[in-house]
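Take a look at the structure below.
The values are calculated or read from the model by the stated rules, or taken from the named source; none is laboratory data. If you're wondering where the values come from, they're calculated on a predicted model, not measured in any experiment. Cβ placement follows ideal geometry from the backbone for every residue including glycine, while neighbour counts extend to all protein chains displayed.
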Amino acid sequence: MPKLLHLIVACAENRVIGNGGKLPWRIPEDFAFFERSTAGQICVLGRVCYETWPRAALDGRHPIVISRNRSLARPGVTVTGTLIDALEIAETLPGDIHICGGQRIYEETLTLARPMRLHLTLVHADVAGDTFFPEWRHLPWRQLSRRESADGNFRYTFFEMET
């Protein structure tokens, strides 16, 4: 039985997750949740996500970077060319598998016939961006939890859903 895939993402109402290779917001509560959730776990992510997350290989995380650029590999960081290869490697490691982005990695993951849990921080705003989370609302998610929150700039909801 394959491991449950944990997709973890913050996206705006218009599905934006990035702009120019960066997050389009700074939400400390969401970032703390992300860091806490992924600590000690397997993190599958694309090159841009890896390069813009300096703590990817810290706090016991095992990043598996999907990229053709093999020079990203270093002790504790695995580089592979495809999502399928990344998941095969992840299945052999201890810990939960967290899918951390970006857009293409999320798109490919959502097409898989595997059990998934979506940890979604939905930012209640439409923001400018060039990177998007795939449409998820049509999939058969079962809501496990929901918590509303806000900071000085945004209102947002933390959802946990499972297929």
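Before moving on, here are some points about what is shown:
- Condition met for LEU58 (among the hydrophobic types (A, V, I, L, M, F, W, C) and either buried (at least 20 other Cβ atoms within 10 Å of the Cβ) or touching a helix residue (DSSP H, G or I) at 6+ places or on another chain (Cβ under 7 Å) (or both)): no
- Scanning the stretch 47-65 turns up at least one residue that is within 12 Å of the chain's Cα centre (by Cα) and either within 23 Å of GLU135 (Cα to Cα) or of a type in the set (Ser, Thr, Tyr) (or both).
- Candidates are the residues of the stretch 117-163 that are of a type in the set (S, T, N, Q) and at pLDDT 95 or above; the one that is nearest to ARG15 (Cα to Cα) is THR131.
- Residue count for the stretch 25-46, restricted to those that are of a type outside the set (A, V, I, L, M) and closer than 25 Å to ALA128 by Cβ: 9.
- Where ARG137 falls short, out of the listed (1) surrounded by fewer than 17 Cβ atoms within 10 Å (Cβ to Cβ); (2) of a type in the set (Lys, Arg); (3) under 16 Å from the mean Cα position of the chain (by Cα); (4) more than 13 Å from GLY46 (Cβ to Cβ): (3)
- Sole residue being small (Gly, Ala, Ser) and buried (at least 16 other Cβ atoms within 10 Å of the Cβ), chosen from ALA125, ALA90: ALA90
- Neighbours by Cβ (under 7 Å, 6+ apart or cross-chain): first from the stretch 18-37, modelled with pLDDT under 95; second assigned to a helix (DSSP H, G or I) and among the aliphatic types (A, V, I, L, M): GLY21/VAL48
- Of all residues in the stretch 1-48, those satisfying the criterion of being within 26 Å of ALA73 (Cα to Cα) and in a loop (DSSP other than H, G, I, E, B) are PRO2, LYS3, LEU4, GLY20, GLY21, LEU23, ALA39, GLY40, GLN41.
- Among the residues of the stretch 62-69, none qualifies, meaning not one is under 23 Å from VAL123 (Cβ atoms) and surrounded by 13 or more Cβ atoms within 10 Å (Cβ to Cβ).
- Annotation note: Cβ proximity below 6 Å between a residue of the stretch 118-147 that is within 22 Å of GLU108 (Cβ to Cβ) and a residue that is among the aromatic types (Phe, Trp, Tyr) (sequence gap 6+ or interchain) occurs for LEU120/PHE159; THR121/TYR156; THR121/PHE158; PHE133/TYR106; PRO134/TYR106.
- Which listed residue is touching a Gly at 6+ places or on another chain (Cβ under 7 Å) and on the phi < 0 side of the Ramachandran plot, from GLY46, GLY40: GLY46
- So PRO28, is it surrounded by 14 or more Cβ atoms within 10 Å (Cβ to Cβ) and over 15 Å from ARG104 (Cα atoms): no
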